[in-house]
1. Label point 7 Å out from Glu262 along Cα-to-Cβ: which residues of the range 104-147 have amide N under 16 Å?
2. Could you tell me how far the Cα centroid of the range 150-182 sits from the Cα centroid of the range 305-380, in Å?
3. Just want to confirm a number: the relative contact order over the chain, from Cα pairs under 8 angstrom separated by 6+ residues, in percent.
4. What's the whole-number percent of alpha carbon pairs in the range 1-144 lying beyond 27 angstrom?
5. Please give, to one decimal in nm, the separation of the simple spin-label points placed at Asp338 and Lys34, each 7 Å out from Cα toward the Cβ.
6. Let me check the size of the range 301-352 from its C-alpha atoms; what are the radius of gyration and Dmax in Å?
7. What is the diffusion coefficient of the range 120-259 in µm²/s, taking the Kirkwood radius over Cα pairs and the Stokes-Einstein relation at 25 °C with a viscosity of 0.890 mPa s?
8. Would you list, by chain and number, the lysines whose Cα falls below 19 Å from the Cα of Lys349, excluding same-chain residues fewer than 8 positions away?
Amino acid sequence: MIIKPKIRGFICTTSHPDGCAAHVRQQIEYVRSKGPIASAPKRVLVIGSSTGYGLASRIVPAFAGGAATLGVFFEKPPEPDRTGTAGWYNSVAFEREAHAAGLYAKSINGDAFSDAVKEQVIATIKADLGQVDAVIYSLASPRRTNPRTGVTHKSCLKPIGAAYSNKTVDTDRGIVSEVNIEPASDADIADTVAVMGGEDWEMWMDALEAAGVLAPGVVTVAYSYIGPSLTWAIYRNGTIGRAKEHLEETADRISAKLADKEGRAWVSVNKALVTQASSAIPVVPLYISLLYRVMKAKGLHEGCIEQIQRLFATRLAGNPQPDEDGRIRIDDWEMREDIQAEVAALWEKVSTENLADISDIAGYRAEFLKLFGFGLEGINYEAEAEPMQPLPSA
């Protein structure tokens, strides 16, 4: 099959297995180039391990610390006439590279919100690893069925209290326009917290602890974002922000439950990056394209793998440097005053006419395509590719 990108809105409906594998190898090579992390955990469970920050969180402990990793995700496998999702091919590539390096790597594909997948993970840990030293929670889903109630909640991207208008960009066509979003209802807020808050993270940690598979000193990390004031109405002060506040409250509860075994739960506030999740948020892609322009010019740009390597090497290595609210901040470079001042100045004047000149929209598009395995050097995209690639551990 000759595979080309087919883009619909903020998603690409095809993915290239060879390109995804090349992208995974690039990330592994970066981690190896930075040298070993002596303090990296040795047995790691990553919930939401197939793309973005979750994939990076599997690569770093494996290839910087020799960790055994168990990944959980919900991806579509390939069919004879249809490619699998990028996350599927990323996971296939990761397992192949890990096994070639002599590392334990298994994956479980299913609904991580369900009790059945939690039970399957626990059984696998008991059989293969005994316990885990770290649990990374990196799920990004638009909906969640609560296993206790059976109710399916759907998240939304809305402001709270008042309608919101600001600039946004059609990243495919390069058109800057104004987006108008009506405020969320109480039900919208509750549903978004149910999907993107900390309830499922706490359910996971409770289940793992009850099963006796959390090692003494276990660390668990969930990922969040704050961003600048210009995105707060749609993000930090909107429905997503309310969910992230719940996530932070959950971290405190989990830490209290883990105190007897000297464990700790952290929320890591990460940088704005091109991911499948961020591409769906109005305003944010335009902000990212301006941010990339400024940070690249200053030599401070990081992608997912650079962020997570720095997290494991400098924050989770016994020096978390929490902020006044107890959060780890690896968005520190993004939030520097000089960087935010330059982005704010560009924001005021960006338009369709000057977008290509004053932003890194080209870099945004290239990173977006890379998420699906396209645009990687060394890949012949005119050649036949084999979509039917099974997970080695399946």
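1. Label zone hits: 133-134.
2. Taking the Cα centre of the range 150-182 as reference, the centre of the range 305-380 is 20 Å away.
3. Here the relative contact order equals 23 percent.
4. 21
5. The modelled label-to-label distance comes out at 2.3 nm.
6. 14.4, 46
7. Translational D for this selection: 145 µm²/s.
8. Filter leaves Lys167.
No value in this document is a laboratory result; all are computed from the given coordinates. What you are looking at is a predicted structure, and each value in this text was computed from that prediction instead of being measured. In this analysis, Cβ positions are derived from the backbone assuming ideal geometry, glycine residues included, and neighbour counts consider all displayed protein chains.
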